[in-house]
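Only one structure is covered here, and it is reproduced in the block below.
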Amino acid sequence: MTHPIILVEVGPRDGLQNEAQVIDVATKVELIERLASCGFKHVEGGAFVSPKWVPQMAASDEVMTTIKRAPGISYPVLTPNMKGYEGARAANADTVAVFGAASESFSQKNINCSIAESLERFKPVIEAAKADGIRVRGYVSCVLGCPYEGKITPAQVTPVAKTLYEMGCYEISLGDTIGVGTPEETKALIRAVAAEIPVAALAGHFHDTYGQALANIWAALGEGVTVFDSSVSGLGGCPYAKGASGNVASEDVVYSLARSGFETGVDLDSLMETSVWISEKLGRKPGSKVTLARKSES
Ligand code: HMG
Ligand code: MG
């Protein structure tokens, strides 16, 4: 028997947002289309944020209006406020994501407001999306640690996650933005949050800075989480979280889950080809151990 797992491929957004080199629209479009044809049902396409804050995401409107959309696939984009939402709607976004934090300092550095102010800003976005038939995902960053405040407790995460869920987000992605958390901490976090909102509405978003991401996915899986964010070739980081490295590599997640009897719907060979292709474009080796191992065998 196979157990279905949903993977949200965040490479084109979380992966590329941190790249200093210019990546043209054609490459971003090809990356999104390739990932969709690998079998991901959710491919995050970009971010409608200030180009002064995150220059790499500036052309998200062009990217979103150029991609060929495959049926049954969603292409979420980040929208921190109404300006971002209007841009996303004009670019035919089917899903938008608001992004808050469990840490006050990170909220200030990342979106220039307090946690409470951010939730107020998200309200009209969620209301407008509801009226327009656009789904809204919610992110909570720094769930296991903050680059400015250090340790973050589940008690700091739960109220933010619960508020986003009650405001109408269909799913809350819990982000270990700087990849410091461990499996035991992950378990405790999921237990605490799942006591307030259904575990089926939770997703895990683990960066791999300290090499804990795959172990944390397994810990969350053990607590009933079945949705995980990952990034092709382990691309990624956050410009406002110094030292944050990439997300867990999608190839490593697909390999680990598939060999353990879980069904992700993603074709590992196509994904590895995409990983090698984007890594060559970026002038570096793939950041996935599975892709590197398979390459060395062939
Ligand atoms: P602000 O400066 O406070 O915004 O930034 P403002 O409302 O005062 O406006 C200032 C200027 O920005 C104005 O332009 C606005 O029009 C413009 P000006 O008059 O100076 O020419 N502006 C915008 N332009 C484009 N799109 C918009 C927008 N809003 C205002 N949406 C703001 C506030 C939220 C805009 C800014 O802080 C920002 O863009 N932050 C984004 C930071 C970001 O993208 N971080 C990375 C994503 S989060 C992440 O990676 C974590 C995650 O992966 C999960 C995890 O790992 O934990 C999701
Ligand atoms: Mg992230």
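Nothing in this text is a laboratory measurement; each read-out follows from the coordinates by a stated rule. Just so it is clear, the structure is predicted and the values come from calculations on it, not from any experiment. Using ideal geometry, Cβ is built from the backbone for each residue, glycine included, and neighbour counts are taken over all protein chains shown.
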How far is it, in nm, from the label point at Ala293 to the one at Val22 when both lie 7 Å from their Cα along the line to the Cβ?
4.0 nm
Give me Leu78, Leu235 sorted ascending by neighbouring Cβ count inside 10 Å, so fewest comes first.
Leu78, Leu235
Would you mind telling me which residue in Ala26, Ala36, Ala249 has the biggest mean-square fluctuation in a Gaussian network model of the chain, where springs connect alpha carbons within a distance under 10 angstrom?
Ala26
Calculated [θ] (222 nm, deg cm²/dmol) that DSSP helices of n ≥ 4 give over the chain, each run adding -39,500 (n - 2.57)
-13000 deg cm²/dmol
List the residues, sorted by chain then number, that are 5 or more residues from Asp94 or on another chain and whose placed amide H is less than 5 Å from its amide H.
Tyr75
For Arg294, what is the net charge nearby, where nearby means another residue's Cβ is under 15 Å from its Cβ and Lys, Arg count +1, Asp, Glu -1?
-2
Among Leu189, Leu282, Leu202, the residue with the largest mean-square fluctuation in a Gaussian network model of the chain built from Cα contacts under 10 Å is Leu282
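Can you list the trypsin sites (Lys or Arg not before Pro) in region 234-298 that are in a DSSP coil and have 10 or fewer other beta carbons within 10 angstrom?
Arg259
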Using alpha carbon centroids, what distance separates region 114-135 and region 208-240, in Å?
26 Å
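If you filter region 145-191 for chymotrypsin sites (Phe, Trp or Tyr not before Pro), then keep DSSP loop positions with at most 11 other Cβ within 10 Å, what is left?
Passing sites in region 145-191 are Tyr170.
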Starting from 0.36 nm per residue, how many nanometres of slack lie between Ala258 and Lys242 once their C-alpha separation is accounted for?
2.5 nm
What percent does the relative contact order of region 199-258 come to when contacts are Cα pairs within less than 8 Å and at least six residues apart?
37 percent
Fluctuation leader among Ala102, Ala131, Ala192 - the chain, Gaussian network, Cα springs under 10 angstrom:
Ala131
Taking Cα atoms of region 12-282, Rg/Rh with Kirkwood Rh, to two decimals?
0.93
Between Asp269 and Glu120, the two model label points (7 Å from Cα along the beta-carbon direction) sit apart by a distance in nm of 5.6 nm
So how far apart, in nm, are the two label points at Glu184 and Ser50 if each is 7 Å from Cα heading toward Cβ?
4.1 nm
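I need the shape label for region 1-149. Rule: rounded when a/c is under 1.5, else prolate if a/b > b/c, else oblate, with a, b, c from the alpha carbon gyration tensor. Display every interim value, and only then the final one.
Values: a/c = 1.39, a/b = 1.35, b/c = 1.03.
It comes out rounded by the Cα gyration axes.
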The chain: relative contact order in percent, alpha carbon pairs under 8 Å with at least 6 residues between:
19 percent
Most to least packed among 58-68, 208-218 [average Cβ atoms within 10 Å]
208-218, 58-68
